Amino acid sequence: MYRPNLMVFVLYFSLECICQSQSAIYSLNYIYTALSKPVELPGIHEFTAMGLINNKQIDYYDSVAKKKIPKQDWMREKLPADYWEKGTQSRKSKEQWFKVNVNILMDRMMHNSTDVHILQWKHGCEIDQQPDGTLKFMKGIDQYSYDGDDFLAFDDATMQWVAPVDQALPTKRKWDGVQILNQYTKGYLEKECVDWLSKFMEYGEKEFSSADSPPKVYPFAKKAQIAGHVRLTCMATGFYPKDVVMHIKKNGVPLTKHDGVLSTGVLPNDDDTYQIRMSVQIPEADKETYECYVNHDTLKEPIVEKWDGKCCDCGSVVGGVIPAVIVIIGVLILVVLLVRYRRVIIATGNGVAFSDLGFAVLKR
């Protein structure tokens, strides 16, 4: 398995709304992230929590502001003040729970406090909205990770915890030994989570029925660091839904990572659309034909934009980078500089403390 020297800390889950002709899939997820010690860098907090529907953030809490706040206007308008007050108290409790348990896991993993360690939890549900408007439960997610490794996950079908590492076995045995807690977790995933998702979908109906938007495609190039070379970039932006296919083609043949192609992956804009960039370094004197190929559900046929062979400073195009993307990239860079070991895959959890001290249930 590839293990980079620095650990990339990803704050966003890919919680996609896959729109189909007969039905639509929606998801509600809550993400909690705790660092083992404070980090004195802007935008990086010892504890953060957020709720997301279909990759749209609906609420947020961090260890500095210590207040659960709405991130969508409809959340602010539809939910009463006591919802946010109770939510604030709940997340303060979770913050303390994470502080205790990240230290317990450090001891269990025999890690010292020199490095920053990360405990993460995600829980939520996914539903399929039928053509008649009824909601069909698809799956529940409830897992934890520690420093990039899956630590514990709940199997909704068997109502048992799955421990992929030996250090998680004591927790698995303890939690499975109290079936009422596993029943609570299953009930939350299949019923309570779905009820909240249904309510939120009703409150934010306009936002969740976002109109499909086709991509705009821009090829451009600028001087590379290596003399005599340029970096050719293909950018597609403003598209919704999220799924997209992009290639840089040379003489009609798609280039791959083996040819040096780099990709940002799909990133969110600040208007609920998405963007993606791919780039490759080529000789400045190269006279071959290069094209940006993009296909998307909104298109009757793929967009193919030919690069004109010119090199520019790309000021106007770069200006199109959305502030939300800049913030996300900035946060990622900061954390890459902070945290070592390996890539974090954000895991998820059940709301039951895996402290050896007890079974305190974390209210959602």
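Read through the list (1) part of a loop (DSSP other than H, G, I, E, B); (2) surrounded by fewer than 18 Cβ atoms within 10 Å (Cβ to Cβ); (3) in the same structural domain as Thr273 (by TED's automatic domain parsing), then give the number of the only condition that Pro164 fails.
It is condition (3) that Pro164 fails.
Would you check if there is a residue in region 182-189 being assigned by TED's automatic domain parsing to the domain that holds Lys122, of a type in the set (Val, Ile, Thr) and surrounded by fewer than 18 Cβ atoms within 10 Å (Cβ to Cβ)? Can you show your working first?
Residues of region 182-189 that are assigned by TED's automatic domain parsing to the domain that holds Lys122, as a first pass: 182-189.
So of that shortlist, the ones also of a type in the set (Val, Ile, Thr) come out as 185.
Next, from what is left, pick out any that are surrounded by fewer than 18 Cβ atoms within 10 Å (Cβ to Cβ): none.
Within region 182-189, none of the residues are assigned by TED's automatic domain parsing to the domain that holds Lys122, of a type in the set (Val, Ile, Thr) and surrounded by fewer than 18 Cβ atoms within 10 Å (Cβ to Cβ).
What's the number of the condition Phe220 fails, among (1) among the aromatic types (Phe, Trp, Tyr); (2) over 30 Å from Gly140 (Cβ atoms); (3) out of contact with any helix residue (DSSP H, G or I) (no Cβ under 9 Å at 6 or more places or on another chain)?
(3)
Please tell me if Glu126 is of a type in the set (D, E, K, R), assigned by TED's automatic domain parsing to the domain that holds Asp107 and surrounded by fewer than 16 Cβ atoms within 10 Å (Cβ to Cβ).
Values: of a type in the set (D, E, K, R): yes; assigned by TED's automatic domain parsing to the domain that holds Asp107: yes; surrounded by fewer than 16 Cβ atoms within 10 Å (Cβ to Cβ): no.
Answer is no for this residue.
Considering only region 194-210, state which residues are among the aromatic types (Phe, Trp, Tyr) and surrounded by fewer than 20 Cβ atoms within 10 Å (Cβ to Cβ).
As a first pass, look at region 194-210 and keep what is among the aromatic types (Phe, Trp, Tyr): 196, 200, 203, 208.
Trp196, Tyr203, Phe208 - these are the residues of region 194-210 that are among the aromatic types (Phe, Trp, Tyr) and surrounded by fewer than 20 Cβ atoms within 10 Å (Cβ to Cβ).
Tell me whether region 34-48 contains one or more residues that are in contact with a strand residue (DSSP E or B) (Cβ under 9 Å, 6 or more places away or on another chain), at pLDDT 95 or above, closer than 21 Å to Asp270 by Cβ and not in a loop (DSSP other than H, G, I, E, B).
Yes, the conditions are met somewhere in region 34-48.
Go through (1) aromatic (Phe, Trp, Tyr); (2) modelled with pLDDT of 95 or more; (3) under 30 Å from Asp212 (Cβ atoms) for Tyr26 and report which single condition fails.
Tallying (1) aromatic (Phe, Trp, Tyr); (2) modelled with pLDDT of 95 or more; (3) under 30 Å from Asp212 (Cβ atoms), Tyr26 fails exactly one: (2).
Against the condition in a loop (DSSP other than H, G, I, E, B), in the same structural domain as Val102 (by TED's automatic domain parsing) and modelled with pLDDT of 95 or more, how does Lys67 come out, does it pass?
Working: in a loop (DSSP other than H, G, I, E, B): yes; in the same structural domain as Val102 (by TED's automatic domain parsing): yes; modelled with pLDDT of 95 or more: yes.
Answer is yes for this residue.
What number of residues in region 78-122 are acidic (Asp, Glu), within 30 Å of Phe200 (Cβ to Cβ) and touching a residue at least 40 places away in the same chain (Cβ under 8 Å)? Before the answer, list the steps.
So the first thing to find is which residues in region 78-122 are acidic (Asp, Glu), and the list is 82, 85, 95, 107, 115.
Imposing the further condition that a residue be within 30 Å of Phe200 (Cβ to Cβ) reduces the set to 82, 85, 95.
With the extra rule that they be touching a residue at least 40 places away in the same chain (Cβ under 8 Å), the set shrinks to 95.
Residues meeting the conditions: 1.
Tell me which of these Gln143 doesn't satisfy, since it passes every other one: (1) buried (at least 16 other Cβ atoms within 10 Å of the Cβ); (2) over 25 Å from Lys68 (Cα atoms); (3) at pLDDT 95 or above.
(2)
Residue by residue through region 253-292, note down the ones that are among the basic types (Lys, Arg) and without any contact (Cβ under 8 Å) to a residue 12 or more places away in the chain.
Kept after step one, since they are among the basic types (Lys, Arg), are these residues of region 253-292: 257, 277, 287.
The answer is Lys257, and nothing else.
Would region 231-246 turn up any residue that is over 24 Å from the mean Cα position of the chain (by Cα) and either farther than 30 Å from Thr289 by Cα or polar (S, T, N, Q) (or both)? Before the answer, list the steps.
In the first step, residues of region 231-246 are kept if they are over 24 Å from the mean Cα position of the chain (by Cα); the result is 231-233.
Now narrow it down to the ones that are either farther than 30 Å from Thr289 by Cα or polar (S, T, N, Q) (or both): 233.
Yes, there is a match, as at least one residue in region 231-246 is over 24 Å from the mean Cα position of the chain (by Cα) and either farther than 30 Å from Thr289 by Cα or polar (S, T, N, Q) (or both).
Could you list all residues from region 207-223 that are over 19 Å from Cys292 (Cα atoms) and in contact (Cβ under 8 Å) with a residue 24 or more places away in the chain? Before the answer, list the steps.
Looking only at region 207-223, we keep the residues that are over 19 Å from Cys292 (Cα atoms), and these are 207-212.
The answer is Glu207, Phe208, Ser210, Ala211, Asp212.
Just give me the residues in region 203-230 being under 28 Å from the mean Cα position of the chain (by Cα) and at pLDDT 90 or above, in sequence order.
Residues of region 203-230 under 28 Å from the mean Cα position of the chain (by Cα): 203-219.
Within region 203-230, Tyr203, Pro214, Pro215, Lys216, Val217, Tyr218, Pro219 qualify.
The values are calculated or read from the model by the stated rules, or taken from the named source; none is laboratory data. Please read these numbers as outputs of a predicted model, since none were measured by experiment. For neighbour counting, all protein chains shown are included, and Cβ atoms are generated from backbone atoms with ideal geometry for every residue, glycine included.
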